Ligand SMILES: Cc1cc2nc3c(=O)[nH]c(=O)nc-3n(C[C@H](O)[C@H](O)[C@H](O)COP(=O)(O)OP(=O)(O)OC[C@H]3O[C@@H](n4cnc5c(N)ncnc54)[C@H](O)[C@@H]3O)c2cc1C
(Lines give C-alpha, C1' and ligand atoms only; values in the text may rest on other atoms or scores of the structure.)
Protein backbone atom coordinates (compact mmCIF):
# COMPACT_ATOMS: atom_id res chain seq x y z
CA UNK A 1 0.00 0.00 0.00
CA UNK A 2 1.27 3.50 -0.83
CA UNK A 3 2.45 5.67 2.08
CA UNK A 4 -0.43 7.90 3.27
CA UNK A 5 0.16 11.62 2.81
CA UNK A 6 -1.06 14.64 4.77
CA UNK A 7 -0.68 18.15 3.43
CA UNK A 8 -0.39 21.13 5.77
CA UNK A 9 -1.21 24.45 4.11
CA UNK A 10 0.48 27.46 5.76
CA UNK A 11 3.89 27.64 7.41
CA UNK A 12 3.16 29.98 10.32
CA UNK A 13 3.52 28.61 13.85
CA UNK A 14 0.11 26.85 13.62
CA UNK A 15 1.02 24.96 10.43
CA UNK A 16 4.52 24.22 11.69
CA UNK A 17 3.15 22.81 14.96
CA UNK A 18 0.72 20.65 12.97
CA UNK A 19 3.43 19.32 10.65
CA UNK A 20 5.77 18.65 13.56
CA UNK A 21 3.09 16.79 15.51
CA UNK A 22 2.33 14.61 12.48
CA UNK A 23 6.01 13.70 12.19
CA UNK A 24 6.08 12.93 15.92
CA UNK A 25 2.98 10.72 15.66
CA UNK A 26 4.38 8.82 12.73
CA UNK A 27 7.56 8.08 14.72
CA UNK A 28 5.72 7.27 17.95
CA UNK A 29 3.25 4.91 16.28
CA UNK A 30 5.81 3.54 13.81
CA UNK A 31 3.50 4.17 10.89
CA UNK A 32 4.76 5.59 7.60
CA UNK A 33 3.43 9.00 6.70
CA UNK A 34 4.50 11.59 4.17
CA UNK A 35 4.01 15.18 5.36
CA UNK A 36 4.10 18.08 2.90
CA UNK A 37 3.97 21.67 4.15
CA UNK A 38 2.95 24.24 1.54
CA UNK A 39 3.92 27.82 2.37
CA UNK A 40 2.95 30.73 0.14
CA UNK A 41 5.92 32.91 1.11
CA UNK A 42 9.67 32.55 0.81
CA UNK A 43 10.19 31.79 4.48
CA UNK A 44 8.59 29.90 7.34
CA UNK A 45 7.19 31.47 10.49
CA UNK A 46 4.32 33.71 9.27
CA UNK A 47 3.99 36.51 11.85
CA UNK A 48 7.09 35.23 13.67
CA UNK A 49 10.33 36.68 12.37
CA UNK A 50 13.50 37.69 14.18
CA UNK A 51 16.10 39.85 12.56
CA UNK A 52 19.62 40.78 13.68
CA UNK A 53 20.48 44.40 12.93
CA UNK A 54 24.04 45.18 14.02
CA UNK A 55 24.10 43.71 17.52
CA UNK A 56 20.38 44.28 18.11
CA UNK A 57 17.78 41.52 18.03
CA UNK A 58 14.56 42.81 16.46
CA UNK A 59 11.30 40.89 16.62
CA UNK A 60 8.97 41.63 13.71
CA UNK A 61 5.97 39.96 15.36
CA UNK A 62 5.56 38.19 18.70
CA UNK A 63 8.40 38.72 21.17
CA UNK A 64 7.22 36.05 23.61
CA UNK A 65 4.69 33.39 24.50
CA UNK A 66 2.75 32.81 27.68
CA UNK A 67 3.93 30.01 29.97
CA UNK A 68 0.59 29.57 31.79
CA UNK A 69 -0.84 27.93 28.68
CA UNK A 70 1.45 24.89 28.38
CA UNK A 71 1.57 24.13 24.64
CA UNK A 72 4.37 26.39 23.38
CA UNK A 73 6.53 25.70 26.43
CA UNK A 74 6.02 21.92 26.09
CA UNK A 75 6.85 22.11 22.39
CA UNK A 76 10.08 24.00 23.18
CA UNK A 77 10.96 21.29 25.70
CA UNK A 78 10.32 18.51 23.16
CA UNK A 79 12.44 20.36 20.62
CA UNK A 80 15.37 20.51 23.05
CA UNK A 81 15.09 24.28 23.47
CA UNK A 82 14.77 24.37 27.28
CA UNK A 83 18.26 25.79 27.79
CA UNK A 84 17.47 28.52 25.23
CA UNK A 85 14.34 29.76 27.06
CA UNK A 86 14.61 33.13 28.75
CA UNK A 87 12.34 34.69 31.36
CA UNK A 88 11.45 38.36 31.53
CA UNK A 89 13.77 40.61 33.49
CA UNK A 90 12.47 40.26 37.06
CA UNK A 91 13.83 43.62 38.21
CA UNK A 92 11.71 45.73 35.82
CA UNK A 93 8.21 44.35 35.79
CA UNK A 94 6.12 47.51 35.77
CA UNK A 95 3.96 48.60 32.88
CA UNK A 96 3.05 52.26 32.43
CA UNK A 97 -0.28 53.64 31.35
CA UNK A 98 -0.46 56.93 29.47
CA UNK A 99 -2.68 59.23 31.53
CA UNK A 100 -3.30 62.88 30.69
CA UNK A 101 -0.15 62.87 28.56
CA UNK A 102 2.09 61.51 31.34
CA UNK A 103 3.01 58.00 32.47
CA UNK A 104 1.47 56.31 35.50
CA UNK A 105 2.51 52.79 36.60
CA UNK A 106 -0.27 50.23 36.40
CA UNK A 107 -1.20 49.70 40.07
CA UNK A 108 0.35 46.54 41.53
CA UNK A 109 -2.03 43.61 41.71
CA UNK A 110 -4.06 44.72 38.67
CA UNK A 111 -4.66 41.62 36.57
CA UNK A 112 -5.86 42.64 33.09
CA UNK A 113 -9.08 44.20 34.35
CA UNK A 114 -9.34 43.23 37.99
CA UNK A 115 -7.72 44.96 40.96
CA UNK A 116 -6.70 42.40 43.57
CA UNK A 117 -4.94 44.78 45.99
CA UNK A 118 -6.58 47.72 47.67
CA UNK A 119 -3.71 49.99 48.68
CA UNK A 120 -2.07 50.44 45.24
CA UNK A 121 -5.50 51.31 43.81
CA UNK A 122 -6.17 53.87 46.54
CA UNK A 123 -2.80 55.54 45.93
CA UNK A 124 -2.74 55.62 42.12
CA UNK A 125 -3.51 58.84 40.25
CA UNK A 126 -4.78 56.71 37.33
CA UNK A 127 -8.38 56.75 38.62
CA UNK A 128 -10.58 59.45 40.10
CA UNK A 129 -12.09 58.98 43.58
CA UNK A 130 -15.42 58.28 41.92
CA UNK A 131 -13.73 55.62 39.74
CA UNK A 132 -12.06 54.06 42.79
CA UNK A 133 -15.34 53.89 44.70
CA UNK A 134 -17.07 52.32 41.71
CA UNK A 135 -14.33 49.69 41.53
CA UNK A 136 -14.61 49.01 45.28
CA UNK A 137 -18.28 48.06 44.81
CA UNK A 138 -17.42 45.04 42.65
CA UNK A 139 -17.43 42.46 45.49
CA UNK A 140 -20.99 43.55 46.36
CA UNK A 141 -22.46 43.41 42.87
CA UNK A 142 -24.84 40.62 41.81
CA UNK A 143 -24.11 38.32 38.88
CA UNK A 144 -24.96 39.51 35.39
CA UNK A 145 -28.31 38.30 34.14
CA UNK A 146 -27.47 37.54 30.50
CA UNK A 147 -26.83 33.96 29.37
CA UNK A 148 -25.27 34.58 25.97
CA UNK A 149 -22.00 36.18 24.91
CA UNK A 150 -21.26 39.76 25.94
CA UNK A 151 -18.67 42.30 24.86
CA UNK A 152 -15.58 42.71 27.00
CA UNK A 153 -16.40 46.42 27.33
CA UNK A 154 -19.89 45.72 28.66
CA UNK A 155 -18.55 43.22 31.22
CA UNK A 156 -15.81 45.53 32.51
CA UNK A 157 -18.16 48.53 32.68
CA UNK A 158 -20.76 46.45 34.50
CA UNK A 159 -18.37 45.01 37.09
CA UNK A 160 -15.68 47.68 37.54
CA UNK A 161 -16.93 50.87 35.94
CA UNK A 162 -16.03 53.01 32.94
CA UNK A 163 -12.63 54.17 34.18
CA UNK A 164 -11.23 50.64 34.48
CA UNK A 165 -12.44 49.94 30.96
CA UNK A 166 -10.97 53.11 29.47
CA UNK A 167 -7.70 53.22 31.37
CA UNK A 168 -6.75 49.58 31.85
CA UNK A 169 -8.85 46.91 30.11
CA UNK A 170 -9.07 48.68 26.75
CA UNK A 171 -5.33 49.27 26.28
CA UNK A 172 -4.22 45.97 27.86
CA UNK A 173 -6.76 43.47 26.52
CA UNK A 174 -7.67 45.47 23.41
CA UNK A 175 -3.90 45.63 22.79
CA UNK A 176 -3.41 41.86 22.93
CA UNK A 177 -6.15 41.37 20.31
CA UNK A 178 -5.54 44.63 18.38
CA UNK A 179 -9.30 44.99 18.85
CA UNK A 180 -12.01 47.32 20.09
CA UNK A 181 -13.35 45.93 23.42
CA UNK A 182 -16.86 47.13 22.46
CA UNK A 183 -16.88 44.30 19.86
CA UNK A 184 -14.62 41.78 21.56
CA UNK A 185 -16.26 38.54 22.72
CA UNK A 186 -15.81 38.01 26.46
CA UNK A 187 -16.54 34.27 26.19
CA UNK A 188 -13.74 33.81 23.63
CA UNK A 189 -11.08 36.12 25.00
CA UNK A 190 -11.50 36.11 28.78
CA UNK A 191 -13.54 32.98 29.64
CA UNK A 192 -11.84 32.79 33.02
CA UNK A 193 -13.38 36.08 34.18
CA UNK A 194 -16.80 35.04 32.92
CA UNK A 195 -16.50 31.73 34.75
CA UNK A 196 -15.47 33.52 37.95
CA UNK A 197 -18.58 35.66 37.83
CA UNK A 198 -20.82 32.70 37.04
CA UNK A 199 -19.43 30.44 39.75
CA UNK A 200 -18.41 32.89 42.50
CA UNK A 201 -20.32 36.11 41.66
CA UNK A 202 -17.44 38.54 42.36
CA UNK A 203 -14.36 38.50 40.11
CA UNK A 204 -12.22 40.25 42.75
CA UNK A 205 -13.14 37.80 45.50
CA UNK A 206 -12.61 34.85 43.15
CA UNK A 207 -9.15 36.11 42.21
CA UNK A 208 -8.18 36.69 45.83
CA UNK A 209 -9.26 33.13 46.70
CA UNK A 210 -7.24 31.79 43.79
CA UNK A 211 -4.15 33.75 44.85
CA UNK A 212 -4.51 32.43 48.40
CA UNK A 213 -4.78 28.85 47.13
CA UNK A 214 -1.66 29.36 44.99
CA UNK A 215 0.32 30.76 47.90
CA UNK A 216 -0.57 27.78 50.09
CA UNK A 217 0.52 25.23 47.43
CA UNK A 218 4.10 23.95 47.69
CA UNK A 219 6.21 25.23 44.77
CA UNK A 220 7.93 22.59 42.70
CA UNK A 221 9.95 22.19 39.52
CA UNK A 222 11.35 24.83 37.23
CA UNK A 223 9.66 28.18 37.63
CA UNK A 224 9.24 30.39 34.60
CA UNK A 225 8.05 33.94 34.29
CA UNK A 226 4.57 34.50 32.84
CA UNK A 227 6.06 35.39 29.45
CA UNK A 228 8.97 33.54 27.90
CA UNK A 229 11.14 34.03 24.88
CA UNK A 230 14.20 32.37 23.36
CA UNK A 231 17.73 33.67 23.63
CA UNK A 232 17.97 34.06 19.86
CA UNK A 233 14.42 35.36 19.50
CA UNK A 234 11.16 33.67 18.50
CA UNK A 235 12.63 32.60 15.16
CA UNK A 236 14.54 29.91 17.07
CA UNK A 237 11.26 28.09 17.62
CA UNK A 238 10.49 28.22 13.89
CA UNK A 239 13.99 27.05 12.95
CA UNK A 240 13.95 24.20 15.48
CA UNK A 241 10.65 22.88 14.10
CA UNK A 242 11.83 23.22 10.51
CA UNK A 243 14.96 21.22 11.37
CA UNK A 244 12.80 18.34 12.66
CA UNK A 245 10.73 18.05 9.46
CA UNK A 246 11.96 15.47 6.94
CA UNK A 247 14.03 16.74 4.02
CA UNK A 248 11.81 17.90 1.17
CA UNK A 249 8.69 18.22 3.36
CA UNK A 250 8.64 22.02 3.19
CA UNK A 251 7.75 23.68 -0.10
CA UNK A 252 8.22 27.45 -0.04
CA UNK A 253 6.73 29.79 -2.65
CA UNK A 254 3.91 27.29 -3.05
CA UNK A 255 0.54 28.89 -2.29
CA UNK A 256 -2.39 26.48 -2.35
CA UNK A 257 -5.23 27.77 -4.50
CA UNK A 258 -8.01 25.19 -4.06
CA UNK A 259 -9.07 22.03 -2.34
CA UNK A 260 -11.20 19.20 -3.72
CA UNK A 261 -12.55 15.96 -2.28
CA UNK A 262 -12.81 12.82 -4.39
CA UNK A 263 -15.55 10.59 -3.00
CA UNK A 264 -14.53 7.58 -5.10
CA UNK A 265 -10.87 7.48 -4.09
CA UNK A 266 -11.63 9.05 -0.68
CA UNK A 267 -8.77 11.46 -1.14
CA UNK A 268 -8.09 15.17 -1.26
CA UNK A 269 -6.52 17.15 -4.07
CA UNK A 270 -4.69 20.34 -3.21
CA UNK A 271 -3.99 22.51 -6.24
CA UNK A 272 -1.17 25.04 -6.02
CA UNK A 273 -0.90 28.38 -7.83
CA UNK A 274 1.48 26.81 -10.33
CA UNK A 275 -1.23 24.29 -11.27
CA UNK A 276 0.38 21.31 -9.55
CA UNK A 277 -2.14 18.86 -8.10
CA UNK A 278 -1.18 16.99 -4.95
CA UNK A 279 -3.21 14.03 -3.72
CA UNK A 280 -3.48 13.39 0.02
CA UNK A 281 -5.51 11.43 2.55
CA UNK A 282 -5.65 14.41 4.90
CA UNK A 283 -5.26 18.19 4.85
CA UNK A 284 -4.66 20.71 7.62
CA UNK A 285 -5.42 24.26 6.50
CA UNK A 286 -3.43 26.63 8.75
CA UNK A 287 -3.79 29.89 6.84
CA UNK A 288 -5.74 32.99 7.89
CA UNK A 289 -9.52 32.31 7.79
CA UNK A 290 -10.08 34.46 4.70
CA UNK A 291 -7.59 32.30 2.75
CA UNK A 292 -9.12 29.11 4.12
CA UNK A 293 -12.48 30.46 2.87
CA UNK A 294 -11.12 30.77 -0.66
CA UNK A 295 -9.63 27.28 -0.57
CA UNK A 296 -12.92 25.64 0.40
CA UNK A 297 -15.28 27.96 -1.51
CA UNK A 298 -16.17 25.38 -4.23
CA UNK A 299 -16.22 22.45 -1.85
CA UNK A 300 -18.26 23.94 1.01
CA UNK A 301 -19.76 27.39 0.31
CA UNK A 302 -21.45 27.65 3.72
CA UNK A 303 -18.22 26.87 5.51
CA UNK A 304 -16.46 29.43 3.30
CA UNK A 305 -19.04 32.05 4.26
CA UNK A 306 -18.51 31.47 7.98
CA UNK A 307 -14.73 31.66 7.57
CA UNK A 308 -14.94 34.81 5.49
CA UNK A 309 -17.07 36.50 8.15
CA UNK A 310 -14.12 36.56 10.58
CA UNK A 311 -12.72 40.04 10.11
CA UNK A 312 -9.05 40.95 10.56
CA UNK A 313 -7.08 43.99 11.67
CA UNK A 314 -3.64 45.05 10.49
CA UNK A 315 -0.82 46.08 12.80
CA UNK A 316 2.74 47.27 12.40
CA UNK A 317 5.66 47.15 14.78
CA UNK A 318 8.21 49.95 14.71
CA UNK A 319 11.54 49.11 16.36
CA UNK A 320 13.90 51.94 17.21
CA UNK A 321 17.43 51.67 18.57
CA UNK A 322 19.11 54.32 20.73
CA UNK A 323 22.25 54.91 22.73
CA UNK A 324 21.36 54.65 26.42
CA UNK A 325 22.92 58.08 26.96
CA UNK A 326 20.34 59.57 24.56
CA UNK A 327 17.42 58.40 26.71
CA UNK A 328 16.81 61.14 29.27
CA UNK A 329 14.47 59.22 31.60
CA UNK A 330 15.11 55.99 33.41
CA UNK A 331 12.93 53.44 31.62
CA UNK A 332 12.08 51.34 34.65
CA UNK A 333 9.63 48.83 33.20
CA UNK A 334 8.56 46.57 30.33
CA UNK A 335 6.78 49.29 28.42
CA UNK A 336 3.75 51.50 28.15
CA UNK A 337 0.21 51.21 26.86
CA UNK A 338 -1.78 54.13 25.45
CA UNK A 339 -5.55 54.06 26.14
CA UNK A 340 -7.73 55.10 23.17
CA UNK A 341 -9.14 57.98 25.26
CA UNK A 342 -5.65 59.53 25.21
CA UNK A 343 -5.75 59.75 21.36
CA UNK A 344 -2.09 58.89 20.85
CA UNK A 345 -0.61 57.68 17.57
CA UNK A 346 0.75 54.46 19.06
CA UNK A 347 -1.12 51.64 20.81
CA UNK A 348 1.77 50.63 23.03
CA UNK A 349 5.54 50.59 23.25
CA UNK A 350 7.64 47.74 24.62
CA UNK A 351 11.01 48.55 26.16
CA UNK A 352 12.37 45.43 24.42
CA UNK A 353 15.93 45.50 25.74
CA UNK A 354 14.70 46.00 29.31
CA UNK A 355 12.11 43.23 29.06
CA UNK A 356 14.53 40.55 27.80
CA UNK A 357 18.29 40.18 27.96
CA UNK A 358 20.27 40.12 24.72
CA UNK A 359 18.06 42.45 22.68
CA UNK A 360 20.54 45.35 22.49
CA UNK A 361 24.31 45.66 22.95
CA UNK A 362 25.72 47.14 26.17
CA UNK A 363 24.99 50.87 26.44
CA UNK A 364 22.09 50.73 23.95
CA UNK A 365 18.32 50.49 24.16
CA UNK A 366 15.77 48.92 21.82
CA UNK A 367 12.15 50.12 21.87
CA UNK A 368 9.24 48.71 19.87
CA UNK A 369 5.99 50.58 19.21
CA UNK A 370 2.71 49.11 17.95
CA UNK A 371 0.58 50.90 15.38
CA UNK A 372 -2.89 50.43 13.91
CA UNK A 373 -5.18 47.60 15.02
CA UNK A 374 -8.97 47.75 14.75
CA UNK A 375 -9.18 51.08 16.58
CA UNK A 376 -6.70 53.07 14.44
CA UNK A 377 -6.63 51.50 10.94
CA UNK A 378 -5.78 54.88 9.35
CA UNK A 379 -2.46 54.96 11.21
CA UNK A 380 -1.50 51.60 9.70
CA UNK A 381 -2.13 53.17 6.28
CA UNK A 382 0.66 55.73 6.77
CA UNK A 383 3.74 55.25 4.59
CA UNK A 384 6.99 54.28 6.33
CA UNK A 385 8.27 57.83 6.61
CA UNK A 386 5.04 59.10 8.19
CA UNK A 387 4.86 56.08 10.48
CA UNK A 388 8.39 56.62 11.77
CA UNK A 389 7.66 60.32 12.26
CA UNK A 390 4.46 59.55 14.24
CA UNK A 391 6.28 57.13 16.52
CA UNK A 392 9.16 59.53 17.11
CA UNK A 393 6.71 62.32 17.89
CA UNK A 394 5.04 60.10 20.49
CA UNK A 395 8.36 59.02 22.02
CA UNK A 396 9.34 62.68 22.30
CA UNK A 397 6.10 63.56 24.09
CA UNK A 398 5.90 60.50 26.33
CA UNK A 399 9.54 59.63 27.03
CA UNK A 400 11.30 62.86 26.10
CA UNK A 401 13.41 61.03 23.48
CA UNK A 402 14.21 63.64 20.88
CA UNK A 403 17.30 62.32 19.08
CA UNK A 404 17.35 60.43 15.80
CA UNK A 405 17.40 56.66 16.42
CA UNK A 406 20.44 54.58 15.38
CA UNK A 407 17.98 52.78 13.11
CA UNK A 408 14.26 52.35 12.70
CA UNK A 409 12.76 49.10 11.38
CA UNK A 410 9.10 48.91 10.40
CA UNK A 411 7.41 45.52 10.09
CA UNK A 412 3.88 45.39 8.73
CA UNK A 413 1.43 42.59 9.42
CA UNK A 414 -1.50 43.15 7.06
CA UNK A 415 -4.79 41.42 8.05
CA UNK A 416 -2.93 39.41 10.67
CA UNK A 417 -5.09 39.78 13.79
CA UNK A 418 -8.47 37.99 13.67
CA UNK A 419 -11.20 39.89 15.46
CA UNK A 420 -13.09 37.76 17.96
CA UNK A 421 -16.38 39.61 17.86
CA UNK A 422 -19.30 38.86 20.17
CA UNK A 423 -20.69 35.47 19.10
CA UNK A 424 -17.30 34.22 17.86
CA UNK A 425 -17.47 30.93 19.79
CA UNK A 426 -20.85 30.16 18.23
CA UNK A 427 -19.32 30.80 14.80
CA UNK A 428 -16.42 28.47 15.61
CA UNK A 429 -18.93 25.78 16.64
CA UNK A 430 -20.78 26.20 13.33
CA UNK A 431 -17.45 25.96 11.48
CA UNK A 432 -16.71 22.71 13.30
CA UNK A 433 -20.13 21.30 12.37
CA UNK A 434 -19.49 22.05 8.68
CA UNK A 435 -16.00 20.63 8.93
CA UNK A 436 -17.23 17.36 10.47
CA UNK A 437 -18.80 16.52 7.09
CA UNK A 438 -15.31 16.24 5.57
CA UNK A 439 -13.19 13.42 6.98
CA UNK A 440 -9.50 14.21 6.87
CA UNK A 441 -9.91 17.98 6.70
CA UNK A 442 -8.89 20.15 9.67
CA UNK A 443 -8.44 23.87 10.27
CA UNK A 444 -5.78 25.41 12.50
CA UNK A 445 -4.59 28.92 13.22
CA UNK A 446 -5.13 32.05 15.22
CA UNK A 447 -8.62 32.66 13.81
CA UNK A 448 -10.48 30.22 16.01
CA UNK A 449 -9.72 29.72 19.69
CA UNK A 450 -6.84 32.02 20.62
CA UNK A 451 -4.42 34.42 18.95
CA UNK A 452 -1.36 33.83 21.15
CA UNK A 453 1.57 31.70 20.04
CA UNK A 454 0.72 29.07 22.68
CA UNK A 455 -2.88 28.86 21.42
CA UNK A 456 -1.63 28.54 17.84
CA UNK A 457 0.66 25.65 18.79
CA UNK A 458 -2.31 24.01 20.51
CA UNK A 459 -4.53 24.55 17.50
CA UNK A 460 -1.94 23.05 15.10
CA UNK A 461 -1.26 20.04 17.31
CA UNK A 462 -4.96 19.43 17.85
CA UNK A 463 -5.62 19.54 14.12
CA UNK A 464 -2.76 17.06 13.57
CA UNK A 465 -4.09 14.67 16.23
CA UNK A 466 -7.58 14.81 14.71
CA UNK A 467 -6.52 14.27 11.12
CA UNK A 468 -4.25 11.43 12.23
CA UNK A 469 -7.12 9.72 14.05
CA UNK A 470 -9.44 10.14 11.07
CA UNK A 471 -6.95 8.71 8.59
CA UNK A 472 -5.51 5.86 10.58
CA UNK A 473 -8.89 4.79 11.97
CA UNK A 474 -10.04 4.47 8.35
CA UNK A 475 -6.86 2.70 7.26
CA UNK A 476 -7.57 -0.11 9.76
CA UNK A 477 -11.12 -0.70 8.41
C1 LIG B 1 2.72 42.30 15.67
C2 LIG B 1 2.28 41.07 16.40
C3 LIG B 1 2.73 40.84 17.70
C4 LIG B 1 2.34 39.70 18.37
N5 LIG B 1 2.81 39.48 19.64
C6 LIG B 1 2.55 38.32 20.25
C7 LIG B 1 3.21 37.98 21.48
O8 LIG B 1 4.05 38.73 21.97
N9 LIG B 1 2.90 36.80 22.06
C10 LIG B 1 2.03 35.91 21.49
O11 LIG B 1 1.80 34.84 22.05
N12 LIG B 1 1.41 36.19 20.32
C13 LIG B 1 1.65 37.36 19.69
N14 LIG B 1 1.06 37.62 18.47
C15 LIG B 1 0.11 36.67 17.91
C16 LIG B 1 0.78 35.47 17.21
O17 LIG B 1 2.08 35.81 16.84
C18 LIG B 1 0.02 35.07 15.96
O19 LIG B 1 -1.35 34.90 16.25
C20 LIG B 1 0.57 33.76 15.39
O21 LIG B 1 1.95 33.87 15.10
C22 LIG B 1 -0.21 33.38 14.13
O23 LIG B 1 0.27 32.17 13.64
P24 LIG B 1 -0.51 31.40 12.49
O25 LIG B 1 0.36 30.28 12.04
O26 LIG B 1 -1.88 31.03 12.94
O27 LIG B 1 -0.71 32.47 11.33
P28 LIG B 1 0.37 33.23 10.45
O29 LIG B 1 1.57 33.53 11.22
O30 LIG B 1 -0.38 34.33 9.79
O31 LIG B 1 0.77 32.14 9.34
C32 LIG B 1 -0.05 31.81 8.25
C33 LIG B 1 0.86 31.32 7.14
O34 LIG B 1 0.06 30.86 6.06
C35 LIG B 1 0.68 31.25 4.85
N36 LIG B 1 -0.32 31.23 3.78
C37 LIG B 1 -1.30 32.12 3.55
N38 LIG B 1 -2.01 31.74 2.46
C39 LIG B 1 -1.46 30.60 2.01
C40 LIG B 1 -1.76 29.72 0.92
N41 LIG B 1 -2.76 29.96 0.08
N42 LIG B 1 -0.98 28.62 0.74
C43 LIG B 1 0.06 28.36 1.58
N44 LIG B 1 0.38 29.16 2.62
C45 LIG B 1 -0.38 30.26 2.84
C46 LIG B 1 1.23 32.63 5.16
O47 LIG B 1 2.22 33.01 4.23
C48 LIG B 1 1.76 32.43 6.57
O49 LIG B 1 3.09 31.99 6.58
C50 LIG B 1 1.45 38.77 17.76
C51 LIG B 1 1.00 38.99 16.46
C52 LIG B 1 1.41 40.13 15.77
C53 LIG B 1 0.94 40.35 14.36
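The values are calculated or read from the model by the stated rules, or taken from the named source; none is laboratory data. Fair warning: this is a prediction, and the values are worked out from it, not measured in the lab. We place every Cβ from the backbone using ideal geometry, glycine too, and count neighbours over all the protein chains shown.
Can you name the number of the only condition in (1) surrounded by fewer than 20 Cβ atoms within 10 Å (Cβ to Cβ); (2) part of a helix (DSSP H, G or I); (3) under 23 Å from the mean Cα position of the chain (by Cα) that residue 410 fails?
Condition (2) is where residue 410 drops out.
Please determine whether any residue of segment 206-218 is touching a strand residue (DSSP E or B) at 6+ places or on another chain (Cβ under 6 Å) and outside the structural domain of residue 435 (by TED's automatic domain parsing).
Yes, there is a match, as at least one residue in segment 206-218 is touching a strand residue (DSSP E or B) at 6+ places or on another chain (Cβ under 6 Å) and outside the structural domain of residue 435 (by TED's automatic domain parsing).
Given the condition more than 17 Å from residue 289 (Cβ to Cβ) and within 12 Å of the ligand (Cβ to nearest atom), answer yes or no: does some residue in segment 435-453 qualify?
Checked against the condition, which is being more than 17 Å from residue 289 (Cβ to Cβ) and within 12 Å of the ligand (Cβ to nearest atom), segment 435-453 yields at least one hit.
Residue by residue through segment 250-292, note down the ones that are over 13 Å from residue 11 (Cβ atoms) and within 11 Å of the ligand (Cβ to nearest atom).
Residues satisfying the conditions are 257, 258, 259, 270, 271, 272, 273, 289, 290, 292.
Being part of a loop (DSSP other than H, G, I, E, B), in contact (Cβ under 8 Å) with a residue 60 or more places away in the chain, touching a strand residue (DSSP E or B) at 6+ places or on another chain (Cβ under 7 Å) and away from the ligand (no atom under 16 Å from the Cβ) narrows it down to one residue among 471, 401; which is it?
401
Collect the residues in segment 9-34 that are more than 9 Å from the ligand (Cβ to nearest atom) and more than 18 Å from residue 79 (Cα to Cα), keeping them in residue-number order.
29, 30, 31, 32, 33, 34
Can you tell which of 360, 304, 316, 369 is in contact with a helix residue (DSSP H, G or I) (Cβ under 7 Å, 6 or more places away or on another chain) and either within 30 Å of residue 439 (Cα to Cα) or in a helix (DSSP H, G or I) (or both)?
None of the others qualify; the one that does is 304.
Only residues in segment 248-268 that are on the phi > 0 side of the Ramachandran plot count as the first member; pair them with residues that are assigned to a loop (DSSP other than H, G, I, E, B) and away from the ligand (no atom under 14 Å from the Cβ), Cβ under 9 angstrom, at least 6 apart or cross-chain, and list the lot.
Listed pairs, sorted by first residue: 266/281; 266/439; 266/440.
I'd like to check something: does segment 67-83 contain any residue that is modelled with pLDDT of 95 or more, surrounded by 24 or more Cβ atoms within 10 Å (Cβ to Cβ), within 23 Å of residue 173 (Cβ to Cβ) and within 16 Å of the ligand (Cβ to nearest atom)?
yes
Among the residues of segment 43-65, write down those that are near the ligand (Cβ under 9 Å from one of its atoms) and either at pLDDT below 95 or assigned to a loop (DSSP other than H, G, I, E, B) (or both).
Matches in segment 43-65: 43, 44, 46, 47, 48, 60, 61, 62, 63, 64.
Just one of 345, 355 is in contact with a strand residue (DSSP E or B) (Cβ under 9 Å, 6 or more places away or on another chain) and more than 17 Å from residue 60 (Cα to Cα); which is it?
345
Can you work out which of the residues in segment 17-41 that are part of a loop (DSSP other than H, G, I, E, B) and in contact (Cβ under 8 Å) with a residue 24 or more places away in the chain is farthest from residue 276 (Cα to Cα)?
Among residues in segment 17-41 that are part of a loop (DSSP other than H, G, I, E, B) and in contact (Cβ under 8 Å) with a residue 24 or more places away in the chain, the one farthest from residue 276 (Cα to Cα) is 29.
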